[in-house]
Amino acid sequence: MTKIALFASGSGSNVQAIAEAVAAGQVPAEIALLVCDKPDAHVLQRAKAFGIPSFSFQSKQYESKEAFESEIAGRLQAAGVEFIFLAGYMRLIGPVLLSAYRNRIVNIHPSLLPAFPGKDAIGQAFDAGVKLSGVTVHFVDEGMDTGAIIDQECVRIDSGMTRDDVQKAIQQIEHNLYPSVITKLLNGHREEQKR
Ligand code: GAR
């Protein structure tokens with residue numbers, strides 16, 4: 001089974017969806033580590049309930065991004081992690097992790113990139129009055145939500161929908177799309193290794 005790590009900063013509904021899909025045997029992976037940069041984030045309780053080991057840290061306790069990413073990289077390698085999936089991790093990935101996991105870090109973002117990158121993408125789309133938004137899963141590079149797009153799915157924003165309605169619709173899609181993209185990626189990786 002391919003070992004993966006999940007990175008998150010908040011509530012962790014995507015971590016929950018991935019962990020459920022793994023437990024149901026739908027995603028061919030073992031979640032070897034949850035990395036969280038907010039020691040009081042709800043996602044840590046969700047991980048505990050699934051028996052997923054976690055590492056939480058506060059960036060201010062380190063001298064630099066390089067210092068905390070080196071610690072994370074060491075823990076990932078000790079756990080045998082091959083792929084990293086960001087699930088609401090609200091921090092740019094730096095050169096240490098990017099070079100250790102080149103083309104093996106994937107993110108989910110709640111808009112149709114390249115529209116509305118960065119924070120509060122749902123609020124940005126809602127305020128802009130667009131009628132079509134959605135979800136993007138993409139590889140992570142040094143930019144903010146700029147890496148190669150793997151898959152996207154649309155959500156219609158009908159008049160009368162509140163920001164909360166849009167968020168619910170987006171998250172419902174995320175919870176199906178992310179596990180299915182992870183499965184395709186890991187299956188493709190296994191096929192490549194067989195060759
Ligand atoms: C998700 O909607 C995810 O797409 C978004 O954070 C939310 C986390 O929710 N990520 C970003 O905005 C990354 N730029 P969750 O903690 O309930 O999974």
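The values are calculated or read from the model by the stated rules, or taken from the named source; none is laboratory data. None of the values given here were measured: they were computed from a predicted structure. So basically every Cβ, Gly included, is an ideal-geometry build from the backbone, and we count neighbours across all protein chains shown. Protein only, heavy atoms only, side chains kept; ligands, DNA and RNA dropped before computing areas. Shrake-Rupley method; radii C 1.70, N 1.55, O 1.52, S 1.80 Å.
What does the C-alpha gyration tensor say about the overall shape of region 26-78? Classify as rounded when a/c is under 1.5, otherwise prolate if a/b is larger than b/c, or oblate.
Oblate shape, in that a/c is at least 1.5 and b/c is the bigger or equal ratio.
At 1.4 Å probe size, with every protein chain present, just tell me what the per residue accessible area of the chain comes to in Å².
In whole numbers, the chain has 50 Å² accessible per residue.
Return the loop-located GluC sites (Glu not before Pro) in region 137-178 (DSSP other than H, G, I, E, B) with at most 14 other Cβ atoms within 10 Å of their own Cβ; answer none if there are none.
Of the GluC sites (Glu not before Pro), the ones in loops of region 137-178 whose Cβ has at most 14 other Cβ atoms within 10 Å are GLU142.
Return one number: the angle in degrees, 0 to 90 and rounded to the nearest 10, between the long axis of the Cα atoms of helix 65-78 and the longest principal axis of the Cα atoms of the chain.
The angle comes out at about 70 degrees.
Suppose every K and R has +1 on its Cβ and every D and E has -1 on its Cβ; what is the size of the dipole of the chain about the Cα centre, in Debye to the nearest 20?
340 debye
Counting only the heavy atoms of the protein chains, how much of ASP120 is accessible to a 1.4 Å probe, in Å² to the nearest 10?
80 Å²
Roll a 1.4 Å probe over the protein heavy atoms and report the accessible area of VAL130 in Å², nearest 10.
Roughly 40 Å² of VAL130 is accessible to a 1.4 Å probe.
What angle do you read, to the nearest 10 degrees and between 0 and 90, between the alpha-carbon axis of helix 13-23 and the longest principal axis of the chain?
Taking the Cα atoms of the chain, the angle to 13-23 is about 60 degrees.
Could you work out how much longer the chain between ARG190 and LYS3 gets when fully extended? Use 0.36 nm per residue separation minus the Cα distance between them, nm to one decimal.
Length gained, ARG190 through LYS3: 66.1 nm.
Once you order the gyration tensor axes a ≥ b ≥ c over the Cα atoms, which shape class does region 2-194 get: rounded for a/c under 1.5, otherwise prolate or oblate by comparing a/b with b/c?
Note, shape of region 2-194 comes out prolate.
What accessible surface, in Å², does a 1.4 Å probe find on LYS65, ignoring ligands, DNA and RNA and rounding to the nearest 10?
Roughly 70 Å² of LYS65 is accessible to a 1.4 Å probe.
Residues in region 1-16, backbone N under 19 Å from the label point at ALA49 (7 Å along the Cα-to-beta-carbon vector): list them, ranges by number please.
Once the point is set 7 Å along Cα→Cβ of ALA49, 6-16 turn out to lie under 19 Å by backbone N, inside region 1-16.
Pull out the extension gain between GLN172 and LYS131, defined as 0.36 nm times the separation in residues minus the alpha carbon to alpha carbon distance; nm, one decimal.
13.0 nm
With angles folded into 0 to 90 degrees, how steeply does helix 163-194 sit against the dominant principal axis of the chain? Use alpha carbons for both and round to 10.
Between the helix axis and the principal axis of the chain, the angle is about 40 degrees.
When the convex hull of the Cα atoms of region 155-194 is projected onto a plane and the area is averaged over all directions, what value comes out in nm²?
Its average projected convex-hull area is 3.0 nm².
Going down the list LYS65/LYS168; LYS3/LYS48; LYS38/LYS131; LYS38/LYS168, which pairs span over 25 Å between their C-alpha atoms?
Where the Cα-Cα span goes over 25 Å, the pairs concerned are LYS65/LYS168; LYS38/LYS131.
log10 I(q)/I(0), Debye, Cα-only region 25-129, no solvent, q = 0.10, 0.12, 0.16, 0.23 Å⁻¹?
Summing over Cα pairs of region 25-129 leads to -0.34, -0.48, -0.84, -1.38.
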